[in-house]
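Engineer: Below is a structure I'd like to ask you about.
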Amino acid sequence: MSIQGISPLSIPTKSLLKKPIGSIPLAIILKLNELLKKSVLSRKFYQEINDKVLSKSSTVDANLYFICYFTLLISAVLNNQYKIKHWLKLQRFNLLNVIKRVLLNYLNIDLSSSTNSPNKFLINLFNAPKPTFDEKEASKPSPIGKHFKAVSSYLSDIRIFNRLTESIKYAPWIIDEFTAMTDPTNITPKSNRIINFLQSINCLVLELLENAGWITDHNWVGTNDNDWWSFETYIWCSRIWGLYLVIEIVELFRRTPISEWSNTNWKIAVFKQVIQVPLVLHWSLREGCLSPFWVGVCGSGASWWGFRDIWSSIDLS
């Protein structure tokens, strides 16, 4: 959000804090004051959040969806920062080797030699040894990353708990789609109406399976093996979700004319569905196939647009 073209992120906060108040330009002070009045000091700001973010379970879930996966992504980055730094150093080493070979083979220039390169920085750069990998250092967990992972896990639990009643909300949708499917006067193609009805049933079944998985996981009911039932129901929930996604992607292409495939909103709709496919595959397999990092990337990518749209709708005028 911005006020008169100036984003809060564009204000050099650290440099302002180092300066005495009297040395800060009056224009910046006035803009900061205006920003505060329209946000944290404004009643309308909190009312907008209440009306557009907190009043509906769908918008609450859209926010938790992004925060859940983004905190998991941050956790994965922090826990693997040594591996990430080593990988970047290794890529730099490989790139320098390629440059070195190209210059030597085609121009007969060896930048690692003092006779060709009087610059000590270049000599040291092209003579740098291959980065070594320290297993002990790489295995050290990040204390902050541990907290972010706990936040992500807790938010995931909250999201599933909040969806325990979603099957009730699907009932009107299912009834409407069934009515439309069996209505002989409906001008919508029969194939579209059948698919719409099947998708509504899909959502109901996957929601019931997810509920069963959560309930057995938290021992709300007793079975001969709650852990097994929880694991199996979560896996089959993911597989049905995968079927739902595949149908959605196919229908996005089938029902949209080729001339509209360049539309930004259509591309975003396709992207949001496609990027969830690796997540579905991961949770549909008993051993999984993604690391927490890639789970965080895919989940954040799928949820970012909904999160952005909700917060960009908040009016601070």
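Engineer: Give me the 1.4 Å probe accessible area per residue for the stretch 226-317, excluding ligands and nucleic acids, in Å².
Structural biologist: The answer is 57 Å² per residue.
Engineer: Check cross-link reach from Lys56 to the aspartates and glutamates: straight Cα distance under 14 Å, and skip same-chain residues fewer than eight apart.
Structural biologist: Partners within reach: Glu48, Glu166.
Engineer: Could you work out [θ]222 nm for the chain from helices alone, using -39500 (n - 2.57) per DSSP H run of at least four and dividing by all its residues? Round to the nearest 500 deg cm²/dmol.
Structural biologist: For the chain, the value works out to -23000 deg cm²/dmol.
Engineer: Straight-line reach from Lys169: which aspartates and glutamates have Cα under 12 Å away, leaving out those fewer than 8 places along the same chain?
Structural biologist: In chain and number order, the partners are Glu207.
Engineer: Based only on the alpha carbon positions, what is the Kirkwood hydrodynamic radius of the chain, in angstrom?
Structural biologist: Value: 24.9 Å, from the Cα pair sum.
Engineer: Then there's this: Can you find, among Ser75, Phe178, Gly222, the residue sitting farthest towards the positive end of the charge dipole of the chain, where Lys and Arg contribute +1 and Asp and Glu -1 at Cβ?
Structural biologist: The listed residue farthest towards the positive side: Ser75.
Engineer: Take the residue pairs Lys100/Lys130; Lys85/Lys149; Lys52/Lys272 and return only those whose Cα atoms are more than 18 Å apart.
Structural biologist: Numbers: Lys100/Lys130 14 Å; Lys85/Lys149 21 Å; Lys52/Lys272 22 Å.
From Lys100/Lys130; Lys85/Lys149; Lys52/Lys272, over 18 Å: Lys85/Lys149; Lys52/Lys272.
Engineer: Order of 135-148, 225-238 by packing, highest average Cβ count within 10 Å first? If you can, show how the numbers build up before the last one.
Structural biologist: Values: 135-148: 12.7, 225-238: 16.4.
The most tightly packed comes first, giving 225-238, 135-148.
Engineer: A further question on this structure: How much space per residue, in cubic angstrom, does the convex hull of the C-alpha atoms of the stretch 187-317 take up? Please list the in-between numbers first.
Structural biologist: Numbers: hull volume 23.8 nm³, N = 131.
Each residue corresponds to 182 Å³ of Cα convex hull volume.
Engineer: Whole-Hz ³J(HN,Hα) for each residue in the stretch 34-45, computed from phi via Karplus 6.51 cos²θ - 1.76 cosθ + 1.60 with θ = phi - 60°, x for glycine and proline: what do you get?
Structural biologist: 5, 5, 5, 5, 8, 10, 5, 9, 9, 5, 4, 4
Engineer: Now, a different point. Pairs of alpha-carbon atoms within less than 8 angstrom and 6+ residues apart define the contacts here; what relative contact order does the chain have, in percent?
Structural biologist: Contact order relative to length: 24 percent.
Engineer: Continuing with this model, one more query. Treating the beta-carbon of each Lys and Arg as +1 and of each Asp and Glu as -1, no other charges, what is the dipole magnitude of the chain about its Cα centre, to the nearest 20 debye?
Structural biologist: Once rounded to the nearest 20, the dipole reads 1780 debye.
Engineer: Just the number, please: carbon plus sulfur as a percent of the accessible area of the chain, 1.4 Å probe, no ligands or DNA/RNA counted.
Structural biologist: That share works out to 65 percent.
Engineer: Can you tell me which of 149-157, 290-298, 250-258 comes out highest on packing, and rank the rest after it, using the mean Cβ neighbours within 10 Å?
Structural biologist: Order by mean packing, descending: 290-298, 149-157, 250-258.
The values are calculated or read from the model by the stated rules, or taken from the named source; none is laboratory data. This structure is a prediction, so every number in the text was calculated from the model and none was measured. Glycine also receives a Cβ, built like all others from the backbone with ideal geometry; neighbour counts cover every protein chain displayed. Note: accessible area is taken over every heavy atom of the protein model, side chains too, but ligands, DNA and RNA are not part of it. Shrake-Rupley method; radii C 1.70, N 1.55, O 1.52, S 1.80 Å.
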